[in-house]
Structure formats: structure tokens, C-alpha cells
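Before any comments, here is the structure.
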Amino acid sequence: MDFDAVLLLSFGGPEGPEQVRPFLENVTRGRNVPPQRLDDVAEHYQHFGGVSPINGINRALIAQLEATQNLPVYFGNRNWDPYVEETVNTMRDNGIRRAVVFTTSAWSGYSSCTQYVEDIARARNAAGRNAPELIKLRTYFDHPLFVEMFAEGIAAAAATVAADARLVFTAHSIPEAADRRCGPQLYSRQVAYATRLVAAAAGYTDYDLAWQSRSGPPQVPWLQPDVDGHLRSLAAAGTEAVIVCPIGFVADHIEVVWDLDNELRSIAEAQGIAFARAATPNDDRRFARLAADLIDELRLGRPPARVSGRDPVPGCLASVNGAACRPPHCAAACDG
């Protein structure tokens with residue numbers, strides 16, 4: 001299968017103080033989020049000058065892909081400029097006929113996979129009859145380079161704290177109902193499986209998985225345990241140092257640089273716990289190699305590269321032109 005372009009599809013983020021509130025309104029549109037909650041989250045962005053790290057990281061990743069793929073690499077976002085609809089229009093005008101789509105999410109599930117599929121369908125519809133064919137690459141939570149980068153991040157963080165530091169993995173929490181939306185807890189099972197792979201690669205047999213950055217009314221059950229409460233429980237049990245690995249994030253979103261590096265670190269300091277945070281892949285050149293490897297799987301018909309572990313969890317395969325997630329091409333059928 002041949003391609004004439006790559007589309008990097010991501011979440012988006014503001015790049016100036018005046019963009020923060022409009023960006024957050026885009027993200028939460030239709031969800032009845034109280035204005036005060038938006039104000040609170042906006043303050044997190046303003047702490048960094050109103051600039052999310054994610055766009056700069058993505059541009060560095062694009063430059064690396066362009067250097068290795070000998071193909072044009074386009075950049076589109078769901079929630080902020082450059083919007084994916086505008087990008088696909090540009091691809092159409094440039095004569096692109098078939099492109100692969102690499103998303104900055106390693107997971108299945110609605111917001112982490114299916115919503116990107118919907119983004120592709122919406123953008124192609126906006127581009128009209130001559131829209132390029134867009135093939136979304138598979139999920140990659142068990143790819144060898146994904147495991148390798150996080151394992152090395154843990155090792156580097158471990159070198160800064162005591163040898164008996166507790167390893168705690170984190171990923172973005174979602175409502176329990178959302179975790180059931182695309183099959184039997186597919187997202188949370190994939191995260192748990194990836195933690196087993198990464199922990200084994202880093203040499204750990206004992207570790208924890210907690211969830212972070214929940215929002216919404218307290219009566220709605222979300223994935224537990226929450227990492228803030230879990231850290232306090234560790235302190236009460238006598239833990240003196242932790243290594244926090246944000247395995248749910250492939251780059252330093254605000255949920256990493258604020259929720260973990262600021263808020264969770266402050267909780268650790270208040271509890272007398274030494275705190276180290278493992279790096280995310282960010283613009284590590286191996287992340288571009290991972291994307292290139294997924295492309296070659298399709299181009300050359302190679303079998304997927306996966307790390308084998310106990311109780312493997314399925315992942316979504318390639319999706320063409322925003323086709324709805326359905327087996328056998330995807331790991332689950334999301335209920336829309």
C-alpha cells in the first residue's frame with residue numbers, strides 16, 4: 001500500500017494567553033461544564049504563559065518524520081489551530097490522494113481512538129468529493145519502542161530518588177460508563193497491560209496504577225484510585241519516595257506539567273515524600289521511529305510489532321476514511 005503524505009492528528013492546545021479560554025470552550029462544547037471550572041483550568045495554562053507544550057512537541061515530531069519518510073507531513077488538531085478540517089482541505093488542494101494518519105494517543109476507547117476516527121470522517125466530509133483517502137494507523141500501547149521509552153524514563157527518574165522508591169503509573173481517568181462505551185473496559189485494560197510491559201522492562205515486579213485529572217460532578221463514578229488520594233495512602237503506609245510514570249500520555253500535556261509536576265509534587269512534599277517524574281516520549285527520535293514503523297507495517301504488509309506479555313489486550317487496527325470502530329478491524333464497537 002503506497003501513500004503520498006502523512007497526517008499527524010492531535011488534540012490541540014493554546015499558544016497564547018488570549019487563546020486559552022476559547023480553546024477550553026472548544027474542548028468542552030456540549031458538555032455543560034460550569035464556567036468556574038473553565039476558569040480554574042485556564043489558570044493552569046496561564047501558569048505557563050497560556051502556551052501548551054503539545055504543539056511545539058508535535059512540530060518537532062513532524063520535522064523528524066519528514067526527515068525519515070521522504071513524504072510531506074501535515075499537522076491537524078481536533079480542538080485548535082491548525083484544525084484538521086483546514087488541514088485536510090489543504091491536502092486536497094495539494095493533490096494528496098492517500099495519507100496515513102498518526103494520532104498522539106496510544107489507546108483504544110472513545111476519546112482516545114474513536115473520536116479521532118470521527119475527526120477524520122468530519123474532515124473528509126468538509127473537504128468534499130476530492131478528499132484524500134485517510135488511513136488511521138493502529139493503536140501502539142504495546143509497541144516495543146513505546147515500552148522502551150517509558151522504561152528508560154523510569155530508570156532516569158529512579159536515579160534521582162532512593163532505591164526503594166515506589167513506582168506509580170498514571171493515566172487520564174475517565175467515567176466508568178465511558179470505559180464501558182467501547183467494549184469491556186478496553187481503555188483501562190490496555191493501560192493496565194502496558195504498565196505490566198513497561199514495569200517488566202524497567203525491572204519492577206511491584207508497582208501501582210492510579211488515575212489522574214478527573215473532572216465532573218462527584219456523584220459520577222470515574223476510574224479509581226485517584227493518584228492524589230493514592231499518594232496520601234502511600235505516605236500513611238510509610239512510603240518515603242515515589243517515581244510517577246504518566247504512561248497514559250505520549251507528551252507533556254498540561255495534565256502532566258501541571259497536574260503532576262505542580263499539584264501532585266506539592267502533595268508529595270507536604271506528605272514528606274521525595275518525588276520523581278518519569279519523562280514522556282515527547283520529541284524523542286524513537287517516537288518518530290515508532291510512527292514510521294507503523295507506516296511500514298501497512299506499506300510493506302509486515303505483521304505488527306508488539307511486546308508480548310501476560311493476558312494481552314487487543315488493540316484497534318488501521319481504520320480507513322473514518323469508518324466506525326467495529327470488529328474485526330477494531331478491538332471494539334463504540335456506541336457513538
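The values are calculated or read from the model by the stated rules, or taken from the named source; none is laboratory data. These figures come from a predicted structure and were not determined experimentally. For neighbour counting, all protein chains shown are included, and Cβ atoms are generated from backbone atoms with ideal geometry for every residue, glycine included.
Numbers for the structure displayed
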| read-out | value |
| --- | --- |
| Residues satisfying the stated conditions in the range 31-67, i.e. part of a loop (DSSP other than H, G, I, E, B) and surrounded by 13 or more Cβ atoms within 10 Å (Cβ to Cβ) | VAL33, PHE48, GLY50, SER52, PRO53 |
| Residues of the range 103-137 satisfying the condition of being part of a loop (DSSP other than H, G, I, E, B), modelled with pLDDT of 95 or more and of a type outside the set (A, V, I, L, M) | THR104, SER105, TRP107, GLY128, ASN130, PRO132 |
| Which listed residue, of ARG306, ARG299, is in the same structural domain as THR103 (by TED's automatic domain parsing), out of contact with any strand residue (DSSP E or B) (no Cβ under 6 Å at 6 or more places or on another chain), modelled with pLDDT of 95 or more and not aromatic (Phe, Trp, Tyr) | ARG306 |
| Filtered residue count, the range 288-308, keeping only those that are over 22 Å from the mean Cα position of the chain (by Cα), free of Cβ contacts under 8 Å to residues at least 24 places away in the same chain and assigned to a helix (DSSP H, G or I) | 1 |
| Any hit, the range 19-30, residues being within 22 Å of GLU133 (Cα to Cα) and crowded, with 17+ Cβ neighbours inside 10 Å | no |
| Total residues in the range 68-102, condition assigned to a helix (DSSP H, G or I) and either without any contact (Cβ under 8 Å) to a residue 12 or more places away in the chain or crowded, with 16+ Cβ neighbours inside 10 Å (or both) | 10 |
| Which numbered condition HIS47 misses (of (1) touching a residue at least 24 places away in the same chain (Cβ under 8 Å); (2) within 21 Å of the chain's Cα centre (by Cα)) | (2) |
| Strands (runs of 3 or more DSSP E) wholly inside the range 163-264 that include at least 3 residues being at pLDDT 95 or above, under 19 Å from MET149 (Cα atoms) and touching a helix residue (DSSP H, G or I) at 6+ places or on another chain (Cβ under 7 Å) | 166-172, 241-245 |
| Subset of the range 1-17 [part of a strand (DSSP E or B) and not hydrophobic (A, V, I, L, M, F, W, C)] | SER10, GLU15 |
| Tally, over the range 128-144, of residues that are more than 19 Å from MET1 (Cα to Cα) and surrounded by fewer than 20 Cβ atoms within 10 Å (Cβ to Cβ) | 4 |
